[in-house]
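The values are calculated or read from the model by the stated rules, or taken from the named source; none is laboratory data. Small disclaimer: the values here were computed from a predicted structure and weren't measured. A quick note on method: Cβ atoms are made from the backbone with ideal geometry, for glycine too, and the neighbour counts reach across all protein chains shown. SASA here: full protein model, heavy atoms, side chains in, ligands and nucleic acids out. Shrake-Rupley method; radii C 1.70, N 1.55, O 1.52, S 1.80 Å.
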Amino acid sequence: MALYSEKVMEHFRNPRNVGVIEDANGIGEVGNAKCGDIMKMYLKIEDDVIQDVKFETFGCGSAIASSSMATELIKGKPVSEAEKLTNQAVAEALDGLPAYKMHCSVLAEEAIHAALEDYRSRQK
Ligand code: FES
């Protein structure tokens, strides 16, 4: 049995939304101390809707695929919906991840939540 689903491989090979948003109004950076992988998310939010999202991930293939899928799941969505994004939803959208790679999807959830938190704190 293949270790990774076709979708994981596809997002790893052709990650969506890679890069930086210069005028982002929500930025989140997280890391996993165990594996050393780092993920940075940039959000451009207008009228409480995620108009654009980009990421930079220095990490494993699953982390790249998870970042890519996570950005696809929240692009064009209201902030309130993006806040509900879970790593489970990211992994499911990728047709699953091996158990020992689930923490890679957690990193994506955390990066998005950190960016949303940053956005919220800038509103005050
Ligand atoms: Fe750490 Fe994938 S091995 S994020």
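Points worth noting:
- In region 37-66, the residues that are in a strand (DSSP E or B), open to solvent by 20 Å² or more (accessible area, probe 1.4 Å) and in contact with a helix residue (DSSP H, G or I) (Cβ under 6 Å, 6 or more places away or on another chain): 57
- The residues of region 4-36 that are open to solvent by 70 Å² or more (accessible area, probe 1.4 Å), closer than 16 Å to residue 93 by Cα and either within 13 Å of the ligand (Cβ to nearest atom) or part of a loop (DSSP other than H, G, I, E, B) (or both), listed by number, are 12, 14.
- Scanning region 79-105 for residues that are touching a residue at least 60 places away in the same chain (Cβ under 8 Å) and within 19 Å of residue 57 (Cβ to Cβ) yields 93, 94, 97, 98, 103, 104.
- Test: residue in region 76-93 that is among the charged types (D, E, K, R), within 14 Å of the ligand (Cβ to nearest atom) and on the phi < 0 side of the Ramachandran plot: no
- Residues satisfying the stated conditions in region 67-78, i.e. surrounded by fewer than 18 Cβ atoms within 10 Å (Cβ to Cβ) and in contact (Cβ under 8 Å) with a residue 40 or more places away in the chain: 72, 75
- Filtering region 81-119 to residues that are surrounded by fewer than 17 Cβ atoms within 10 Å (Cβ to Cβ) and among the hydroxyl-bearing types (Ser, Thr, Tyr) leaves 86, 100.
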